[in-house]
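Each remark here refers to the structure printed beneath this line.
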Amino acid sequence: MSKKLFLSVIISCFLTACLLPAQDAKPEAKSDAKSVIAAVEKAMGATDLKSIQYSGVGSNANLGQGVNPTAPWPRFDVTSYTRTINYTDASSKEELTRIQGNNAVRGGGAPILGEQKQNLNVAANYAWNVAGPNQVAQFGATLEERRLQIWMTPHGFIKAAKLGNGCAINWECEAKVSKKTEAGKTVTVISVGFGKYPMEAYVDDKNMITKVEAKFANPVLGDMLISTTYSDYKDYGGVKFPTRITQTQGPYPTFDLMVKEVKPNAPAPLPVPDGVKTAEAPRNDVSVQLLSDGVWYLTGGTHHSLVVEFKDYMAIIEAPLSEERSEAVLAEAKRLVINKPVKYLINTHQHFDHSGGLRTYVAEGATIVTHPMNKAFYDQMFKMKPTIAPDRLAKTPKVPVILPVMDRYVLTDGAQKIEIYAMKDDNHNEGMLIAYIPAGKILVEADEYTPPPADAAPPITPPASSLNLYDNIQRLKLDVSKIAPLHGRLVSMADFYKFLGKEAPKPAENKKVSAAVTPSLTGH
């Protein structure tokens, strides 16, 4: 197989989770489905199980944060893990501690310095994280996935199947049972929908659930496959529970647990904090700051964008998160720059939180400017037709145009200019781009340097990514006055030097300064 064909197969599997059509699927009658579900429920000891708590050690990973488009998600060691599920109240509490361990310090989220503790909760229609004394409400996809994960556990699934827990798109409300051939063996498959998400459980000849799969909406992977395998069951007071749990999201592992302790029907109260009950979901508000003539900094959330006006068009830097965020940024861009099309969308890198809104710009007709290593991945991404949460591109397909930047590329109309550069030696993402706008001496970067609060002390040891950004600025000889990070706040270059513990260079003496001023293009 040629290298090019092999890469194409890898990319295709990445975006489809290498799903193969079911073989020899043989649906059974509803009465047979009920008997199969009852047999599994009895064998697993799920009949009187109201709650369960299990603990162990293992690893987890950051979805969509690989160091390149085909790299596995960055992995971290989990030194302690406890999950408590109350099936009656549809609640779950996860408490874990993770460390960098001996895992490669490459990709998003790395490195973890010391221990990182996580406390992740969901109860019915509320989700929240606990960080010290604070309960931080979670909404949208985070809430929906945590609820889904309860019913993807072996006992949770059988309870959902028994109740016919909701209707998935194009699925019947009641559970179905069929026979399929997997790895040369005939297995029993129970299918049911949880809301709009279809789920399937694979059952072995001992009536143990060995795998649960579900489709979940993802702005980059579309109908993303979540697959959890359960193995090495043991008996805990009449309740059978696996001692090894692994999960993949998309093509790569996100969770691997070696279970050490299981407590059936453990106390599992999880009251929802008042502050979580009254919290409102964040709106896609966009705040605007004029940085220089025809250059606007669009903030208002965790991820930012920039709008740059040219004579006949505009360019937008970054399409983060989702279609909803991209639509909000587009609406503001069209208010600022009237009757000019979005000709270019500059994408810093392919991490999912920075590429989740790209499909919206393809639907808008914009050319996607990105690193060459992303092209094959994006070609497949833009061809997808998500069904769980159809977006603009799914409803009105367009042929994508991708402009790869290997080293340097300049957008200019003779007055306005954006210089786009590929970073060197970047461990956050191997295909990282930065942008420089000479007229305002503005550097635009993502994830290399996230400015702390203005009153925060500089770190004792600066992050390697920030030091690498400094090295690249020096290599490219960029005359930077302001940094517009795509996370955090606008800062001066002097702030960056202070963060790094470096002395800012003194202004050159007797340097001639041009009196020329770039004329306004629009009068904004």
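The values are calculated or read from the model by the stated rules, or taken from the named source; none is laboratory data. Being a predicted model, the structure only gives us computed values, none of them experimental. Positions of Cβ are backbone-derived with ideal geometry, glycine not excepted, and every protein chain shown enters the neighbour counts.
What the table below lists for this structure:
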| item | result |
| --- | --- |
| Sole exception among (1) hydroxyl-bearing (Ser, Thr, Tyr); (2) surrounded by fewer than 21 Cβ atoms within 10 Å (Cβ to Cβ); (3) in a strand (DSSP E or B); (4) in contact with a helix residue (DSSP H, G or I) (Cβ under 8 Å, 6 or more places away or on another chain) for residue 92, by number | (2) |
| Wholly enclosed strands (runs of 3 or more DSSP E) of the range 357-452 bearing at least 1 residues buried (at least 19 other Cβ atoms within 10 Å of the Cβ) and more than 21 Å from the chain's Cα centre (by Cα) | 408-412, 417-422, 433-437, 442-445 |
| Neighbours by Cβ (under 7 Å, 6+ apart or cross-chain): first from the range 443-471, assigned by TED's automatic domain parsing to the domain that holds residue 482 and closer than 24 Å to residue 370 by Cβ; second assigned to a helix (DSSP H, G or I) and of a type in the set (S, T, N, Q) | 447/465; 448/465; 448/466; 448/468; 449/466 |
| Failed condition for residue 222, given (1) loosely packed, with under 12 Cβ neighbours inside 10 Å; (2) at pLDDT 95 or above | (1) |
| Meets criteria (at pLDDT 95 or above, in contact with an Asp or Glu (Cβ under 6 Å, 6 or more places away or on another chain) and under 20 Å from residue 320 (Cβ atoms)) for residue 487 | no |
| Residue list for the range 193-227, restricted to those being assigned to a strand (DSSP E or B) and polar (S, T, N, Q) | 210, 218, 227 |
| Some residue of the range 203-221 being without any contact (Cβ under 8 Å) to a residue 24 or more places away in the chain, among the polar types (S, T, N, Q) and within 30 Å of residue 357 (Cα to Cα) | no |
| Pairs, first in the same structural domain as residue 441 (by TED's automatic domain parsing) and of a type in the set (A, V, I, L, M) in the range 483-495, second surrounded by fewer than 16 Cβ atoms within 10 Å (Cβ to Cβ) and part of a helix (DSSP H, G or I), C-beta under 6 Å, six or more apart | none |
| Residues (polar (S, T, N, Q) and touching a residue at least 40 places away in the same chain (Cβ under 8 Å)) located in the range 371-411 | 374, 380, 387 |
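Every residue, every condition in (1) β-branched (Val, Ile, Thr); (2) over 23 Å from residue 371 (Cα atoms); (3) assigned by TED's automatic domain parsing to the domain that holds residue 391; (4) touching a Gly at 6+ places or on another chain (Cβ under 9 Å), yes or no:
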| position | (1), (2), (3), (4) |
| --- | --- |
| 293 | no, yes, yes, yes |
| 297 | no, no, yes, no |
| 300 | no, yes, yes, no |
| 307 | yes, no, yes, yes |
| 311 | no, yes, yes, yes |
| 314 | no, no, yes, yes |
| 318 | no, no, yes, yes |
| 329 | yes, no, yes, yes |
